[in-house]
Amino acid sequence: MSLQTFRMYIDGAWCDAESGQTYDSLDPADGKPWAAFPDAGEADVDRAVTAADTAFHSSEWRSLTATARGKLLRKLGDLIAENTESLARLESKDNGKLIRETRGQVSYLPEFFYYTAGLADKIEGETLPLDKPDMMAYTIREPLGVVAAIIPWNSPLYLTAIKLAPALAAGNTIVLKPSEHASATLIELVRLAEQAGIPKGVINIVTGLGAGAGAALTRHPLVRKIAFTGGAETARHVVRSSADNFARLSLELGGKSPQIIFPDADLDSALNGVVAGIFAASGQSCVAGSRILVHASVYAEFVDRLVARATQIKIGHPGEDSSEMGPMATEQQLAVVERFVEKAKAAGAKLRLGGKRPASMHGQGWYYEPTIFECESIADELMQEEVFGPVAALIPFTDEDQALAMANDSQYGLAAGIWTRDIARAHRLARSVHSGIIWVNTYRAVSAMASIGGFKNSGYGRESGIDSVLEYTERKTVWINLSSEPMADPFVMR
Ligand code: NAD
């Protein structure tokens, strides 16, 4: 079967890599190649960044009012809404996520563009209450220039929307670099941006490998901001690259998020929250609730119920509406999951469910069963390391202090779930758990109005929410001398 071919978009034109080289994308549901993408090299990246820089300084882009930029983003939101089903199907094909999940994500996607469009003309400066009566000073928020957006494979459209919308709302231009494992939907997004009338050079996309196109993009001297989502090791490369161009950084990295279940919680609801946290998206979610801390008085019952519930999960082709768990996105990720599981077994963790590929999907791609372990210690590898797969690790706790200590015993701090009906306890823990998102009696809730981002090794910077546009601006201070006196002694600071 011939492969579907995709092209990059640089300076308003669809193109191949200068080298003519391509890479294949494999369908996680059968492991076979289905599409080919240009493998951009240094020269392609340079063309894309130069085009973005030229567009940034062009009168066409600079003379657009903030309100007009907002209108363009709204138009793009409308076009996404009109193409929800095709985008959702394409993303499901590309990264193996359930169509239920991608449809849900893409249906909400326009809201990020509408909300951020409304912020475009509300980027305001301040008048400063100076301690110098003869002077006044005010600030202006200006765009930074070329933004490099580096995207992982697990939720390409969503993770791009929360970078692209604020970057453009603030008046920047952008070069997108999708993951080599899931590049297709970002190309379609750029096609819609072209239809929306976004001027040429303002949005560019280079497809390619991380060590090639990704590294060339992050170290390019004209890049002024890198918005990165991905793993911690890759982030370290990106941070080192930014030592060359001093680009600002936002880093959305991994997590090992705790779900803390108290005995007074609605346990039916907590059970669903735990299933959503670790088995939705086959656990390939940065906010996966992968370590589950349960009060000792309900621990045994909760584990049994979780095992019974997870046994019912329907593993199937991601494109079928009835499927509840699809494949891992890549063969490498499946191997990573298998390695973690084997090590946990060897270390003595108690395997309660799964721990293998499902026989029902034999020979059909990169599926893995929902897997449940009971751990002895919070120091166990499964309690500390991000697996990025459908592997839940449970441990009992005896009181709130111990639960808090366990929750914070982590290099990560992205999200946490707290399950209790005790309102004071919920607020106490919300204050003291070290993570960027706290969900009380819910999990995996997302809104354009709410920021996401991590503490500790989960990264820095915030995306989404009212401040997201400010992350793409630089503050400038303007001083005005109000005095009619001539400027005095030039050798004294004023
Ligand atoms: P990854 O770090 O392997 O790749 C992310 C992106 O970086 C890809 O586009 C890749 O091509 C690029 N890249 C690789 N090497 C590079 C280099 N040297 N220089 C520049 N770019 C380079 O991540 P992944 O495997 O695609 O995604 C999974 C990871 O992403 C997990 O750790 C997950 O927790 C994290 N993630 C975080 C969030 C969040 O919002 N915090 C969301 C989704 C995923």
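Checking each residue in segment 142-160 for being more than 22 Å from SER25 (Cα to Cα) and either surrounded by fewer than 24 Cβ atoms within 10 Å (Cβ to Cβ) or in contact with an Asp or Glu (Cβ under 9 Å, 6 or more places away or on another chain) (or both) picks out GLU142, PRO143, LEU144, GLY145, VAL146.
For the structure I just gave you, tell me whether ALA165 is crowded, with 21+ Cβ neighbours inside 10 Å and aliphatic (A, V, I, L, M). Yes: the conditions hold for ALA165. Whether any residue in segment 70-88 is among the charged types (D, E, K, R) and either in contact with a Lys or Arg (Cβ under 7 Å, 6 or more places away or on another chain) or closer than 30 Å to PRO390 by Cα (or both) is what I want to check. Scanning segment 70-88 turns up at least one residue that is among the charged types (D, E, K, R) and either in contact with a Lys or Arg (Cβ under 7 Å, 6 or more places away or on another chain) or closer than 30 Å to PRO390 by Cα (or both). Mind checking whether some residue in segment 151-174 is assigned to a loop (DSSP other than H, G, I, E, B), within 16 Å of the ligand (Cβ to nearest atom), at pLDDT 95 or above and among the aliphatic types (A, V, I, L, M)? Yes, segment 151-174 has at least one match. Looking at TYR460, is it buried (at least 18 other Cβ atoms within 10 Å of the Cβ) and either modelled with pLDDT of 95 or more or more than 30 Å from the chain's Cα centre (by Cα) (or both)? No: the conditions fail for TYR460. Screening SER250 against (1) within 13 Å of the ligand (Cβ to nearest atom); (2) surrounded by 24 or more Cβ atoms within 10 Å (Cβ to Cβ); (3) part of a strand (DSSP E or B) leaves a single unmet condition, (2). Residues in segment 182-201 that are touching an Asp or Glu at 6+ places or on another chain (Cβ under 9 Å) and either crowded, with 21+ Cβ neighbours inside 10 Å or of a type in the set (Ser, Thr, Tyr) (or both): ALA182, SER183, ALA184, THR185, GLY201.
Residues of segment 434-451 that are in contact (Cβ under 8 Å) with a residue 40 or more places away in the chain, of a type in the set (Val, Ile, Thr) and closer than 9 Å to ALA415 by Cα: ILE437 alone. Selection of first residues in segment 327-344 that are within 10 Å of PHE388 (Cβ to Cβ) and of second residues that are basic (Lys, Arg) and crowded, with 21+ Cβ neighbours inside 10 Å, restricted to Cβ pairs under 9 Å at least 6 apart or on distinct chains, gives the following pairs, ordered by first then second residue: ALA329/LYS97. Selection over segment 426-472 of residues that are assigned to a helix (DSSP H, G or I), in contact with a strand residue (DSSP E or B) (Cβ under 8 Å, 6 or more places away or on another chain) and over 27 Å from THR234 (Cβ atoms) gives a count of 3. Among the residues of segment 97-124, just one is in contact (Cβ under 8 Å) with a residue 60 or more places away in the chain and of a type in the set (Gly, Ala, Ser), namely ALA120. Filtered by the rule that a residue be over 25 Å from PRO166 (Cα atoms) and either outside the structural domain of PRO152 (by TED's automatic domain parsing) or part of a helix (DSSP H, G or I) (or both), segment 96-124 gives ILE99, ARG100. The listed residues are LYS93, LYS75, and the only one of them that is more than 30 Å from TYR368 (Cβ to Cβ) and assigned to a helix (DSSP H, G or I) turns out to be LYS75. Of the residues making up segment 279-294, those that are in a strand (DSSP E or B) and touching a Phe, Trp or Tyr at 6+ places or on another chain (Cβ under 6 Å) are LEU293, VAL294.
Taking first residues from segment 143-160 that are more than 17 Å from GLU180 (Cα to Cα) and partners that are assigned to a loop (DSSP other than H, G, I, E, B) and not polar (S, T, N, Q), the Cβ contacts under 6 Å between residues at least 6 apart in sequence or on separate chains come to PRO143/ALA170; PRO143/GLY171; VAL146/LEU222. Among the residues of segment 448-465, is there at least one that is away from the ligand (no atom under 16 Å from the Cβ) and either acidic (Asp, Glu) or assigned by TED's automatic domain parsing to the domain that holds LEU109 (or both)? No, there is no match, as no residue in segment 448-465 is away from the ligand (no atom under 16 Å from the Cβ) and either acidic (Asp, Glu) or assigned by TED's automatic domain parsing to the domain that holds LEU109 (or both). Taking MET361 as meeting all but one of (1) over 29 Å from GLN332 (Cβ atoms); (2) of a type outside the set (D, E, K, R); (3) away from the ligand (no atom under 16 Å from the Cβ); (4) in contact (Cβ under 8 Å) with a residue 24 or more places away in the chain, write down the number of the exception. In the conditions (1) over 29 Å from GLN332 (Cβ atoms); (2) of a type outside the set (D, E, K, R); (3) away from the ligand (no atom under 16 Å from the Cβ); (4) in contact (Cβ under 8 Å) with a residue 24 or more places away in the chain, MET361 misses (1) alone.
Residue count for segment 216-239 satisfying the condition of being within 9 Å of the ligand (Cβ to nearest atom), surrounded by fewer than 20 Cβ atoms within 10 Å (Cβ to Cβ) and either closer than 18 Å to GLU42 by Cα or aliphatic (A, V, I, L, M) (or both): 2.
The values are calculated or read from the model by the stated rules, or taken from the named source; none is laboratory data. Predicted model only: the values in this text are computed from it and were never measured. Ideal geometry is used to build each Cβ from the backbone, glycine not excepted, and the neighbour counts take in all protein chains shown.
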